[in-house]
Amino acid sequence: MNPRIAQKIILVGAPGAGKGTVAKGLVDRFGLIHLSTGDMLRAAVVAGTDVGMLAKSFMDRGALVPDEVMVRLISDRVQAKDCRNTDGSPRFLLDGFPRTLPQADALATEGLGPDLVLFIDVPNESVVRRLSGRRTCPACGSVHHIEFAPPLADGICDRCGGTLVHRSDDHDATIRKRLDAFAVQTAPLVQRYGSVIEKVDGNLPPEVVLKAAVAVMRRYGFAT
Ligand code: AP5
């Protein structure tokens, strides 16, 4: 492990800011493990686990899942071998966690506070447009957009040929509630992580946003 390279990276941003899109680009370039709590919860819903059933009732109404559930989920996941360097030290890209100050406290208590926090900053109007046009592939997790990243064939995933869906929480009323939750519960993290936070303008084309994020990663020791 090179100690000069940031090993614990967190993506913060409003719903639809483009965290998943940026994460995919960073993972492809830097070989990080991408831990998306939203993806983990949706997988639990599909699998019908207790966590999934509980989470669904919160996700469907645009509310955050209780902290203790989320902390347990992430604490277990980051212990896995794929989130560790050969010397056992942690290495991951967290997308969607922490989302509250108590979640940030829990991460710090476990010695997993971030070396770098990328804050993808996007105004609310753009978010609503992005989420109402987003189409996701339940089979492989690919994300498309009917206007900004249209699939080659209508309703069909470019990557695996699966049928694209409109996420159940990507409808106007729920999007507004998710934005409220972000403003009240998640935005305070920006101040909390003041010393390691790097703001990226997310209101630009995806390739420009990714380029800016890659430039930050290089400053934190990553080489492509
Ligand atoms: P989660 O899945 O994490 O949802 P989110 O934070 O609301 O983020 P999204 O996945 O909606 O958006 P994104 O920022 O990844 O954007 P994307 O790249 O897809 O969480 C869902 C729910 O789970 C939460 O509401 C909560 O209930 C629960 N949950 C999860 N974690 C939790 C936690 N820690 N604590 C408690 N509850 C938790 O892009 C969006 C669209 O825009 C796409 O169509 C994309 O193609 C397009 N796009 C992306 N970038 C650009 C660009 N630069 N220009 C134009 N279009 C773009």
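Here, each number is a calculation from the coordinates, and none is a lab measurement. As the structure is a prediction and not an experimental result, all values here were calculated from the model. Please note: Cβ atoms are built from the backbone with ideal geometry, for glycine as well, and neighbour counts cover all protein chains shown.
Remarks
- Built amide H within the under 5 Å cut-off of Phe119, gap 5+: Val12, Glu198, Lys199, Val200
- Isolated Cys residues of the chain, judged by Cβ distance under 4.7 Å to other cysteines: Cys83
- For the chain, built as a Gaussian network whose Cα springs stay under 10 Å, the top-fluctuating residue of Thr136, Thr100, Thr86: Thr86
- Filter on Lys19/Lys211; Lys19/Lys177; Lys81/Lys211 - keep pairs with C-alpha separation over 24 Å: Lys81/Lys211
- Summed residue charge, Cβ within 14 Å of His144's Cβ, Lys/Arg positive, Asp/Glu negative: +2
- Couplings for the stretch 163-168, taken from phi via the Karplus curve 6.51 cos²θ - 1.76 cosθ + 1.60 with θ = phi - 60°, read 8, 6, 10, 8, 3, 5 Hz in order; Gly and Pro are left as x.
- With only the Cα atoms considered, the chain has a convex hull volume of 123 Å³ per residue.
- Along the axis of the charge dipole computed for the stretch 82-207 (Cβ charges of +1 for Lys and Arg, -1 for Asp and Glu, origin at the Cα centre), the listed residues Ser132, Val190, Leu107 are led at the positive end by Ser132.
- Taking a Cβ cut-off of under 13 Å around Ala17, the surrounding Lys, Arg, Asp and Glu residues balance to a net charge of +3, with basic ones at +1 and acidic ones at -1.
- Packing, as the average of other Cβ atoms within 10 Å across residues, places the peptides 7-19, 117-129 in the order 7-19, 117-129, highest first.
- DSSP H segments from the chain that extend 24 Å or more along their own axis, Cα-based, with Kyte-Doolittle mean of -0.5 or above: none
- Within the chain, antiparallel bridges make up roughly 30 percent of the DSSP beta bridges whose residues both belong there.
- Residue-averaged [θ]222 nm for the chain, counting only DSSP H segments that reach four residues, each worth -39500 (n - 2.57): -12500 deg cm²/dmol
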